[in-house]
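Worksheet for the structure shown next.
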Amino acid sequence: MSVIEFEPVNRQSTAEMIADRLRDAIMHGSLGPGAQLVEADLAAQFDVSRGPVREAMQRLVSEGLLHSVRHRGIFVIELTPEDVIDVYRARTAIEGGALELILDGRRTIAYEALGPSVADMLTCAESGDPVGVSAADQAFHEALVDSAASTRLTRAARTLLIETRMCLGALQTAYPDVRDQSREHVELREAIGEGSPARARTLLIEHMHDAVERLRPLQQPEPEVQPDVS
């Protein structure tokens with residue numbers, strides 16, 4: 001029997017570590033939509049040469065999180081209304097698939113798994129903490145997909161993680177009262193645990209649609225003010 005010889009595994013490269021930091025910054029809003037990334041500034045902040053920074057930024061360009069504008073630089077993507085709709089369309093397909101698996105014998109498991117995020121969301125909502133509500137919202141939907149015990153659905157959901165987090169960041173200003181956002185998740189959890197399957201499906205679809213409708217006005221460009229020439 002022949003033995004296959006593998007090359008030693010290299011530790012995470014500097015460029016990979018920088019890319020991870022930049023992804024986290026985009027996901028948590030430290031680098032907001034439209035923010036420009038300046039290679040020299042980042043190299044100074046990370047205390048590295050420009051090479052690893054350039055490589056890290058190109059990785060994020062290829063992932064679709066950054067985009068390059070000729071003669072201007074590299075910027076964090078800004079989600080258009082069409083992007084937001086597409087993100088939630090994909091999430092509905094993934095989470096809808098997870099829900100079907102949950103309804104087929106995993107309802108108690110999901111109900112328990114969703115409990116901590118709902119509790120955190122209610123606590124943050126009562127204290128007027130939209131950032132905390134947003135983080136709990138993310139945790140809720142991650143727990144929902146994980147409860148289905150499908151590695152492929154979980155993997156697919158995580159590919160949308162950063163774009164989803166960007167949408168949730170925008171939702172912080174889309175709910176006049178974040179307690180409404182919390183109540184939607186309480187109702188969905190109860191339906192998953194004890195409600196009819198039809199109600200659980202309906203609430204999930206309505207929840208996704210509601211998010212899109214709340215985000216849509218935030219994505220509309222402000223009308224240009226025409227100069228007064230009279």
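The values are calculated or read from the model by the stated rules, or taken from the named source; none is laboratory data. Computed from a prediction, not measured in an experiment: that's the story for all the values here. No Cβ is skipped: glycine too gets one built from the backbone with ideal geometry, and neighbour counts run over all protein chains shown. Accessible surface areas use protein heavy atoms only, side chains included; no ligands, DNA or RNA. Shrake-Rupley method; radii C 1.70, N 1.55, O 1.52, S 1.80 Å.
Any idea which residue in region 101-126 is nearest to Met27 (Cα to Cα), counting only those that are in contact with a Ser or Thr (Cβ under 7 Å, 6 or more places away or on another chain) and open to solvent by less than 20 Å² (accessible area, probe 1.4 Å)? Only one residue fits best here, namely Met121.
Looking only at residues in region 127-151 that are acidic (Asp, Glu) and assigned to a helix (DSSP H, G or I), the one that is surrounded by the most Cβ atoms within 10 Å (Cβ to Cβ) is Asp137. When Val186 is tested against (1) open to solvent by 20 Å² or more (accessible area, probe 1.4 Å); (2) closer than 23 Å to Gly29 by Cα; (3) of a type in the set (A, V, I, L, M), exactly one condition is not met: (2). Restricted to region 80-100, and to residues there that are at pLDDT below 90 and more than 15 Å from Thr159 (Cβ to Cβ), the residue that is least open to solvent (accessible area, probe 1.4 Å) is Val84. Under the condition of being of a type in the set (Ser, Thr, Tyr) and at pLDDT 90 or above, the residues counted in region 15-52 number 1. Cβ-Cβ contacts under 6 Å between residues 6 or more apart (or on different chains), taken from a first residue in region 190-206 that is more than 18 Å from Leu114 (Cα to Cα) to a second residue that is in a helix (DSSP H, G or I), are absent. A search for C-beta distances below 8 Å between a residue of region 27-49 that is more than 12 Å from Ile74 (Cα to Cα) and any residue that is in a loop (DSSP other than H, G, I, E, B), counting only pairs 6+ apart in sequence or on different chains, returns Ala43/Ser49. Selection within region 52-79: residues that are free of Cβ contacts under 8 Å to residues at least 12 places away in the same chain and not in a loop (DSSP other than H, G, I, E, B). The member of this set that is least open to solvent (accessible area, probe 1.4 Å) is Val69. Of everything in region 18-32 that's open to solvent by less than 30 Å² (accessible area, probe 1.4 Å) and assigned to a helix (DSSP H, G or I), which residue is nearest to Gln58 (Cα to Cα)? For region 18-32, the residue satisfying everything is Ala19.
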